[in-house]
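See structure below.
Bear in mind that the values in this text are calculations on the coordinates, not laboratory data. None of the values given here were measured: they were computed from a predicted structure. Cβ sites come from the backbone with ideal geometry, for glycine too, and all protein chains shown count toward neighbours.
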Amino acid sequence: PIEIKFSHVVAENTPKGKMAIRFKKLIEQRLPGKVKVSVFPNAQLFNDDKVLEAIILGDVQLAAPSLSKLETYTKKFQVFDLPFLFDDMQAVERFQQSEEGQKLLTSLESKGLTGLGYLHNGMKQLSANEPLYDPADAKGKKFRVMASDVLAAQFQVVNANPVKKPFSEVFTLLQTKAIDGQENTWSNIYSKKFFEVQSHITETDHGVLDYIVVTSKEFWAGLPSDIRPVVEKSLQEAITFGNQVALQKDEQDKQAIIASKKSTVIELTSSQRQQWKQAMAPVWKEFQDEIGADLIEAAQKANQIN
Amino acid sequence: MIRHYLAIVEAAIIRLLLVGMTLLVFLEVILRFVFNTGWLWMEEVTLYLGAWFVLFGVSYGLKVGAHIGVDALVRLFPSGVRRWISVFAVLGCLFYCGVLLYGSWIYLGKLKLIGLTMEDVPLPKWQGMSILFGGFVLLALRLMSLLWMLFSRQVDGFELLDEAEESLALAQEETKSTPKESPEVRMSSDVSPIGSKL
Amino acid sequence: MTTATLFLLLLLCMLTGMPIALALGIASVSTILLFSNDSLASIALKIFESTSSHYTLLAIPFFILSSVFLSTGGVAKRLINFAVAGVGHVRGGLAMASVVACMLFAAVSGSSPATVAAIGSIVIAGMVRSGYSQSFAAGVIANAGTLGILIPPSIVMLVYAAATEVSATRMFMAGLIPGLLMGGILLVAIYLFARKRRYPSQPFPGWRILVKTGLIAAGGLFLIVLVLGVIYGGIASPTEAAAVAAIYAFLIAVIGYRDMGPLRDTPWHYQGESVVRAVCRNFWQITWAIPRSFFDREVNNVVMDAAKVSLMLLFIIANAMLFAHVLTTERIPHAIAETIVSMGLPPWAFLLVVNLLLLAAGNFMEPSAIVLIMAPILFPIATQLGIDPIHLGIIMVVNMEIGMLTPPVGLNLFVTAGITQQSIGWVIKAALPWLGLLLIFLGLVTYIPAISLFLPDLLN
Ligand code: NA
Ligand code: NA
């Protein structure tokens, strides 16, 4: 049988983990004996940086790294990191399903990768060891960022200091207050235990942290024509399922964090959120040339419901 | 003569990589804590320095007998048998090197073809990772030289730490109650016999 | 078949006396070639990943660098003089003090090998000088060092918490009593052992000597304060603190005590020299000494010693990760765990089998890798059987501690071999009696859940 190794870096009980298992089940139902899916959770096979290379080499067939991992492949993916570009997850979804969003998936083909779909995690929130109400509160604070120039710039424009540190160090650095804060989705703040070591979380919804489901262009093109449509359909169904789980989990984890009383959740008034948005607006300009003005515009359009 | 200078340069590079890595992390702490700032490229450079340190240093480690192994069993055999076992062992190690050389050639070639760059350092990724290939070239060369020494009967094994000698010293130490030389002294002075020949 | 080949090859290779790292590598590579569709390029990829993306592992070279400066530069000698003055009059006192030092250090570093590297190279030398056998000293430290992952904070616990979604704080709290208990067991064992062996106890030298040796050793003692302070003061993570410790150890050995390096035999103050003159001279000499150190023979030798031990360890770890990668792609741990799960055991038998499985896995894989693979499989069964996930986590961590001391992949063994310059076989023999204690302790922790759960339940 054709073997599909699906390698991801999170636990099996997360939306991504559940999506992978759902995909495996669907394939086993629909293509018994023809395609075998093995899921490797928890970075058992490769971490997110190396998994893309492993796909290119043909040793892994499916992975779902976060969108910012693709930025070294094509700068266009930086669009998802722009602060306050999307109002909510519905806007993100609309953009991803739009023509431009779908075109992004195929923009990786020159690098040997094919994007198959977007998988949600959620909107990012800001956490810190002091309350953050307006941009001035972030001044001078050290925030952990993932590897992305856009995310670094986003903190620099509010006079905060972006710090790049591997995940293994982040918990301790936050706990000992060597780093003041970080940005993440509710579900990551919950599962990675950051809420236990951060006194305040501001509900900014300032950015999106989604995943892209990728495969190797060569592998995808090489699938027999009677099999590929079934795999694709199963994958789309699994993604839809995963996205539902993600939306529920986002809310559920937020409530769990509030209920834990280990961290105070701050809701922003609309004028406060507007202040953050304005303060971070220069980042758009800075990266406009790399990303492409038309792409940013298309993303913005997704905020309007037509 | 050239060999002598190469050895000096090799050791200096290894030290520089270790010291560089340490200084970089130290500097990062100072910048963050004292000056409330930092450079984003530091993490990536530290990690790459770490990889260069290990992969570049592995062959040197073989030369100076830094690697540890279990040689209790082979020492039970007479020298001739031992030499043959070691020959097979070295061939096995060369096979491992061969696989990694072939693998890294393809891997780095693919990275070059796709044109990936490192995250924060404006360098092609394959260049940053080239030590993967280079390190195993060095290791293969050292292994081949060890193989030659085995054939020409200069050595009969990997010449790791001499277990028998150590346990003898241990026995003496257990019977004597007087304080003996502390191991820290030995640490700086040991160069295994193989080191002087490779 | 695959499993048998993998382990048989590893055993065969190791017995030829080749470096352990290469034995692990050959077994992995051959298994991939024989049984797997994985490309050879992926092996290269995995080796580079293993050497370049584990930031926490860098604590090992940093701590080794710092400890080599301390032990070569005579700092260790001064520390030991002080320790002997302080606890030398108690039978086994120095060994006990070393265990306490390990516990203190374990409390700040999340890593066991780092604990052995940092404390071991100082105190093992000291114990030998005070009349202990080296094997006793090495065995005590290799064992006490495993507390690094049990006494919070701990990297392994964090990994467990992330894999099972239990609270990291609760996990850390649960580790405290077992950590102290294990430390206590070690202390009692040392006392009994020292009495039986009649290890020497010096007469108490008096307070004056104690204070004097303490002042002389202050430069070295400050290192412990520095590392703890840097971490708890919110300045740096344990890995970064290790780098700070290395720089400090260099400064104290080369500039402070001047037992080595460019300022050797240059005293802080010549007889009859005016204070102003001495300050100016020292200022100039120290500034100049730092660049000179890069070319100083003694300093370079020390750095090279640290480099040799570090790269040996890191290369073993890289190949051990490749080995674990093969186990994972071939789904060997999964298959074994799933078999256990399907046996439908009662809780006590389940825990027994879990322990056996983890002990076996600990022989071949790294703690974090084992936890990541096993925890998600074992966790749901444990919950079904009414076993608290926190309790299961502590059991896993204690198993991982034991795994640090068992060949072929036992990091504490390698670090101890590295710092004592002894063979692996020698270290295994030295650690063996203490391993028995750890096993008894594992039994206690497994069947008395209160040891782990008392604190977290109390505070909930
Ligand atoms: Na710890
Ligand atoms: Na082990």
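Residues within the reach of a label modelled at residue B:27 (point 7 angstrom out along Cα to beta-carbon, backbone nitrogen below 18 Å), restricted to segment A:164-187, are A:164-165.
The angle between the Cα long axis of helix C:168-197 and the main principal axis of chain C comes to about 70°, on a 0 to 90 degree scale. Look at where the Cα atoms of segment B:23-67 and of segment A:160-226 average out, and the two centres are 25 Å apart. Using the Stokes-Einstein relation with a Kirkwood hydrodynamic radius computed over Cα pairs, the translational diffusion coefficient of the protein assembly as shown at 4 °C and a viscosity of 1.567 mPa s comes to 44 µm²/s.
When you filter the trypsin sites (Lys or Arg not before Pro) in segment A:52-147 for DSSP loop state and at most 13 other Cβ atoms inside 10 Å of their Cβ, you are left with A:139.
Could you tell me the distance between the Cα centroids of segment C:34-60 and segment C:311-372, to the nearest Å? So the two Cα centres are separated by 18 Å. Partner shielding of B:24-35 amounts to 6, given as the average count of beta-carbon atoms from other chains within 10 Å of each residue beta-carbon.
Label-to-label distance, residue C:279 versus residue A:36, with points set 7 angstrom from Cα along the beta-carbon direction: 7.8 nm. Averaging 1/r across all pairs of distinct Cα atoms in segment B:37-119 and inverting the result yields a Kirkwood radius of 16.5 Å. The calculated Kirkwood hydrodynamic radius for chain C is 23.3 Å, given to one decimal from all distinct C-alpha pairs.
Any chance you could list P(r) for segment A:1-122, counting all Cα-Cα pairs in 5 angstrom bins from zero, rounded to whole %? The percentages, shortest bin first, are 2, 10, 19, 21, 20, 17, 7, 2, 1, 0. Here is the list for segment C:196-231: trypsin sites (Lys or Arg not before Pro) lying in DSSP coil, each with at most 12 other C-beta atoms within 10 angstrom of its C-beta, are C:198. The alpha-carbon atoms of chain A, seen along their principal axes, cover 58, 41, 35 angstrom, with the largest extent given first.
Rounded to two decimals, what ratio of Rg to Rh does segment A:80-155 give with C-alpha atoms and a Kirkwood Rh? Across segment A:80-155, the Cα-based Rg/Rh ratio is 1.05. Taking other residues whose beta carbon is less than 12 angstrom from the beta carbon of residue A:210, and scoring Lys, Arg as +1 and Asp, Glu as -1, yields 0. How far is helix C:75-87 tilted, in degrees, relative to the longest principal axis of the Cα atoms in chain C, given as a value from 0 to 90 rounded to the nearest 10? Approximately 80 degrees, to the nearest ten.
Across the alpha-carbon atoms of segment C:143-300, the computed radius of gyration and Dmax are 22.1, 68 angstrom. Charge tally around residue B:6: other residues with Cβ under 14 Å, Lys/Arg +1 each, Asp/Glu -1 each, net +2.
Indicate the gyration tensor shape class of segment C:188-276 (rounded, prolate or oblate), computed on the Cα atoms with a ≥ b ≥ c the square roots of the eigenvalues: a/c under 1.5 is rounded; otherwise a/b larger than b/c is prolate and the rest oblate. The shape class here is oblate. Along its three principal directions, the equivalent ellipsoid of segment C:224-355 from the Cα gyration tensor extends over semi-axes of 54, 19, 11 Å, largest first.
Where the centroid of each part is defined by its Cα atoms, how far is segment A:5-83 from segment A:286-306 in Å? Value for the Cα centre distance between the two parts: 27 Å.
With only the Cα atoms considered, segment A:144-244 has a convex hull volume of 140 Å³ per residue. Across all C-alpha atoms in segment B:1-86, the radius of gyration and Dmax reach 19.9, 64 Å.
Where Lys and Arg each count +1 and Asp and Glu each count -1, what net charge lies around residue A:247 among other residues with Cβ under 14 Å from its Cβ? Surrounding charge for residue A:247 is -3.
Dividing the summed helix terms, -39500 (n - 2.57) for each DSSP H run of n ≥ 4, by the number of residues in the protein assembly as shown produces a 222 nm estimate of -21000 deg cm²/dmol to the nearest 500.
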